[in-house]
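Undergrad: One structure, pasted below without further comment.
Bear in mind these aren't lab numbers, they're just calculated from the coordinates by the rules spelled out. Being a predicted model, the structure only gives us computed values, none of them experimental. A quick note on method: Cβ atoms are made from the backbone with ideal geometry, for glycine too, and the neighbour counts reach across all protein chains shown.
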Amino acid sequence: MDRPIKCTGDILRKKFRQHPKMKRGISQQDPPELEFKPLVVIELAKDAKAETREWLVKKIMDKKKDGGCQLLIKSLTISEEDNIYVVGASPKRLLIGAEAAGLVKECEDGSMRPFIYNNRKEYKNFIEDDEDFISMAECQYIIKHDLDNLRAQDETSIPGYPQAKLYPGKSILRRLQTSGVLVQVFPLHDKEDLKRLTHQWYRQIRIGFQPIDQIRRYFGDTIGLYFGFLEYFTLALIPMALIGIPYYFFAWEDYDKYVIFATCNLVWSTVILEIWKRYSSAMTYKWGTLIMKREFEEPRPGFHGVLGINPVTGRKEPTYSSLKRQLRIYLVSVPFVCGCLYLSIYVMMIYFDLENWAIEYDEEQKSTFSSLLLFVPSIIYAVVIEIMNRLYKFAAEHLTSWENHRLESSYQNHLILKVLVFNIVNCFASLFYIAFVMCDMKLLRQSLATLLITSQILNQFVEALLPYWLQKRYNRQIKKKVKALKVDTDLPLLEQIHLEKQMDTYLGTFDDYLELFLLFGYVSLFSCVYPLAAVFAVLNNLTELYSDALKMCRVFKRPFSEPSASIGVWMLAFETMGIISVITNCALLGMSPQVNAMFEDSKMDLILTVAAIEHALLGLKFILAFVIPDKPYDIQVKLARIEFESLEALKEKQQMKLSSESVTEDSDAIYS
């Protein structure tokens, strides 16, 4: 089991060999244990000092008991201009790392258990020396987990950089990153696996489900969950689209007939979210992340402050006053967000001025050109909305980073809150104004359609097609450059690393979920006025499936796998939008002529009736959320069984400890 992994695949067929031009590379007489499959790439700054490089390599290769990672590492440097290293590990080391990282695997009896190396033969599909038991994505996660937990011991600073201070317990990689010595760490693609995945995923037009399990196995749980939610949301939109098509064509101007559609909308927006929770829990239980123990969260790399002691871990780490953070949030961040919201409203009023001008011009001219001109203000406004959303997100990221949040989860929650508030106002304020202030349903339908279609076209072009075209063009240049190098080394691997290290870094699923959230808002809020909204949403999601798959496989670096048991705070965002949609749809129902005709004598009775219906529907929504369990019954039973067995094992361990102490006391008494 301890023998090294042999390099396999098209990019790994040759053993590394040193060429005279590779001045700081590996030697020709590499020991056998350095023959391994490269999994992770570390790139240091061009001017990184030799003593720093040697110290880092030694740290990574040292045994755990000596404070190292006990990983395998090689230099892949061909000139003085770069410092590139590839990292891997032996099969045994990866299995032990899987236990340390808390990975969960399926046992022979079908239950999901945290992996324990000593009990490895009890797990399903485990074969000695088999590399398939732990996926490549999990191997890369294990290596990243070990590198992140590489901590300083007696060092007071990074060798060669006395200004880069260290203290016991400080993460070495994070200190190198903040000091500018470490450029990036990224996992390598597996060309053969990627080729098979792309063929199953997006290289062929197919009517069916995505290979979610294969996506998850290659990219990890977070990416797998996103594409699972995207697929589920697309399927959930189909009933609304099928209902919306006849409503649109048979009730073109008769808004009274949309009362039934609005009622369907209310039930739909609640039920699909509750069913997703059940589907998500079943999926993540099968993946093992639902029962995976959450690690103690370390400070994020950008966190800074005065050196202190963490009261929980006892380690030295930066500390920052929560009062200062709150002052930054409430005295700077909140006014900034409010100012941006005011700017968004101001731009919206300019849009309405343009809309009024276009309407007046059309009434005067009554020509084909003037009729087409009616759509121009909405198109311009949709483009401006997309630009403002992206500029605001850029500013919100810097502002949230300046707030100096200790944990990555806290940073993400504050960032999501800022972005959601602005996007809701920026994207939906004009629709609310048209619906409830102008009471112009025809303009509402036109604006909603224009916003939907324009934003979809822009997103597909900016997020996938343009980056893919630029990346493909750059790849041709890199291939020519690498082939021109006269080095006797693994050129396919060298070419792959140089191609991937220049790719954009995938920053997570934030933008992808945000796009789906806004789409859900358009459908759940105003589709009773424009029933084709669900149809356009389905078309958008179908193209999104392929464009997102393309950018994950061809545009971005491979992201590190991250365990995830749910879509996190986005679930709360979707549920909040569902509540807003109840209120909005009830208000739209109250404005319909059919309902108004029933309350001609008293508008107060109309308002009270609509309010009562709205409260009843909200009550129904909460009842449905309560009645439909978040987890299927069989998953609840399995989780309860795991908890029971864990408690029994803990009791048995305590009893054995007490028995051992009792025997020791008895023997001491005899000898005394």
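Undergrad: Given bins 5 angstrom wide, list per bin the percent of all Cα-Cα distances in region 32-188, short to long.
TA: Answer for region 32-188: a P(r) of 2, 9, 17, 20, 17, 13, 9, 6, 4, 2, 0, 0 percent.
Undergrad: Next up: When Ser447, Ser430 are ordered from fewest to most other Cβ atoms inside 10 Å of their Cβ, what list results? Write down the numbers at each step before the final one.
TA: Values: Ser447 25, Ser430 28.
Least to most surrounded, the residues fall as Ser447, Ser430.
Undergrad: Report the full-extension gain for the segment Glu397 to Ser321: residue separation times 0.36 nm, less the Cα-Cα distance, to one decimal in nm.
TA: 25.3 nm
Undergrad: Under the rule of at least 5 residues apart or a separate chain, name every residue whose amide H is placed under 5 Å from the amide H of Val40.
TA: Val87, Leu188
Undergrad: Calculate how large, on average over all directions, the projected area of the Cα convex hull of region 102-152 is; give the answer in nm² to one decimal. Walk me through the intermediate numbers first.
TA: Values: hull surface 16.5 nm².
Averaged projected area of region 102-152's Cα convex hull equals 4.1 nm².
Undergrad: Could you tell me what a quarter of the Cα convex hull surface of region 320-473 works out to, in nm² with one decimal place?
TA: Numbers: hull surface 48.6 nm².
The orientation-averaged projected area of the Cα hull of region 320-473 comes to 12.2 nm².
Undergrad: Further question: Greater than 28 Å separation of Cα atoms is the criterion. Which listed pairs, Lys277/Lys653; Lys105/Lys277; Lys324/Lys557, meet it? Walk me through the intermediate numbers first.
TA: On the way: Lys277/Lys653 36 Å; Lys105/Lys277 22 Å; Lys324/Lys557 37 Å.
In this structure, Lys277/Lys653; Lys324/Lys557 exceed 28 Å between Cα atoms.
Undergrad: Right, here's the next one. If you bin the C-alpha pair distances of region 197-631 every 20 Å from 0, what whole percents do you get?
TA: P(r) over region 197-631, rounded to whole percents: 21, 52, 24, 3, 0.
Undergrad: Take the alpha-carbon centre of region 604-649, take the same for region 336-396, and report the distance between them in whole Å.
TA: Here the two parts' Cα centres lie 41 Å apart.
Undergrad: In whole Å, what are the extents of region 564-654 along the principal axes defined by its C-alpha atoms, from largest to smallest?
TA: Each principal axis gives a Cα extent; for region 564-654 these are 76, 22, 21 Å.
Undergrad: Another question about this same structure. Mind ranking 280-292, 388-400 by how tightly packed they are, going by the mean number of other C-beta atoms within 10 angstrom, highest first? Could the numbers behind the result be given before it?
TA: Numbers: 280-292: 20.4, 388-400: 16.5.
With the highest mean Cβ count within 10 Å placed first, the list reads 280-292, 388-400.
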